[in-house]
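The values are calculated or read from the model by the stated rules, or taken from the named source; none is laboratory data. In this text, all values refer to a predicted model and were calculated from it rather than measured experimentally. FYI the Cβ positions are ideal-geometry reconstructions off the backbone, even for glycines, and counts take in every protein chain you see.
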Amino acid sequence: MGVSGAGKTTVGTSLAQTLRVPHADADDFHSEAAVSKMAGGEPLHDEDRRPWLESMGLWLQGHGDGSVVSCSALKRRYRDTLRSFAPTAYFLHLSCDPTLAEKRVEAREGHFMPSTLIASQFEDLEPLEPDEAGLTIEVTPTKSVESVVAEFVNGSRVGA
């Protein structure tokens, strides 16, 4: 979980390979209308996200033996929705500096998410709370994907 540009897809893909479980990217669950809205620079509202979260929740539920979904899950209630489908979900919050996220999104080619929406994502971000199963890892320009995955696997109950 985390804002756009934090590295969710890259880390999620690597984590899934390490754990030998399926991986899905949340972008693949968005409706065409939601993608158009974001591409136009308009942030999604909770009602836009509900079917998206439910689709991912169903996917997680169908992969009960383990899976990884790269998803923003910025708000507690979004994570609660995912947990309603997959109660044992364990979250990795990729925390990063807004400037890093903005630079990474600006450098992307062919992605619908404009960097102008990064600020709204940081405004919406509700970090993991102490009662939520998960781990927060700070992402920096010099921290490798492999080190993030290793830190997560070693610091969580996942893979233990």
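Observations on the structure shown:
- Boolean, residue 98 is on the phi < 0 side of the Ramachandran plot and touching a Leu at 6+ places or on another chain (Cβ under 9 Å): no
- Tabulated pairs, the stretch 83-102, first under 14 Å from residue 66 (Cβ atoms), second loosely packed, with under 14 Cβ neighbours inside 10 Å, C-beta under 7 angstrom, 6+ apart or interchain: 90/157
- Matching option when the condition is modelled with pLDDT of 90 or more, surrounded by 16 or more Cβ atoms within 10 Å (Cβ to Cβ) and among the charged types (D, E, K, R), among 132, 126, 138, 146: 132
- Residue match in the stretch 99-109 (condition: touching a strand residue (DSSP E or B) at 6+ places or on another chain (Cβ under 8 Å) and part of a loop (DSSP other than H, G, I, E, B)): no
- Test: residue in the stretch 38-60 that is in contact with an Asp or Glu (Cβ under 7 Å, 6 or more places away or on another chain) and either more than 25 Å from residue 145 (Cα to Cα) or among the charged types (D, E, K, R) (or both): no
- Yes/no for residue 1 being within 16 Å of residue 124 (Cα to Cα), touching a residue at least 60 places away in the same chain (Cβ under 8 Å), assigned to a helix (DSSP H, G or I) and under 17 Å from the mean Cα position of the chain (by Cα): no
- Positions within the stretch 41-90 being over 21 Å from residue 7 (Cβ atoms), of a type in the set (Ser, Thr, Tyr) and out of contact with any Leu (no Cβ under 8 Å at 6 or more places or on another chain), in sequence order: 55, 84, 88
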